[in-house]
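Worksheet for the structure shown next.
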Amino acid sequence: MIIDDNNAQELGWDQLDIMDYNFFNSHTMFDKKLQSDLVEIFISQSTECVEKMQKAINDKNDNLWSKTAHMFRGSALDMGMPKLAHLLHLAETSGSPNIHTLYKIMNVLHESHAKARFFITSNNAQT
């Protein structure tokens, strides 16, 4: 099932998958090296995004908050992470930095990192 912002609202964000492995496989054409590289890039970039969102909260910078959430959301969608993407959509459209939203994002992100690493590890073990 393709998740977009409309049906994510209908499903409820807590029912969304952390990582859609079928989407990620299809999106990367089952290329294990590409998948591994994308996971490492995503983990690095997502850490930077969380830091920027924290800065936006500290500086009360609505523009930085929305722009970072928007960019981060695109990365989450590319990785097949609908739950994270949905939370980032909510952050982006909220218009103002919110520590509670950032905590939710960080919790889902932690689980997303673990799922992505597990996916890469289990794929590499099958080679």
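The table below lists the values:
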quantity	calculated
Residue list for the stretch 67-89, filter: more than 19 Å from SER26 (Cβ to Cβ) and touching a Ser or Thr at 6+ places or on another chain (Cβ under 8 Å)	PHE72, LEU87
Filter pass, GLU40 being free of Cβ contacts under 8 Å to residues at least 12 places away in the same chain, charged (D, E, K, R) and over 19 Å from LEU77 (Cβ atoms)	no
Matching residues in the stretch 75-96 - criterion: being surrounded by fewer than 24 Cβ atoms within 10 Å (Cβ to Cβ), over 19 Å from ASN22 (Cα atoms) and not β-branched (Val, Ile, Thr)	HIS89, LEU90, GLU92, SER94, GLY95, SER96
Residue check, ASN25 modelled with pLDDT of 95 or more, out of contact with any Phe, Trp or Tyr (no Cβ under 8 Å at 6 or more places or on another chain) and surrounded by 12 or more Cβ atoms within 10 Å (Cβ to Cβ)	no
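The values are calculated or read from the model by the stated rules, or taken from the named source; none is laboratory data. Quick caveat, the model's predicted, so the values are computed rather than measured. Positions of Cβ are backbone-derived with ideal geometry, glycine not excepted, and every protein chain shown enters the neighbour counts.
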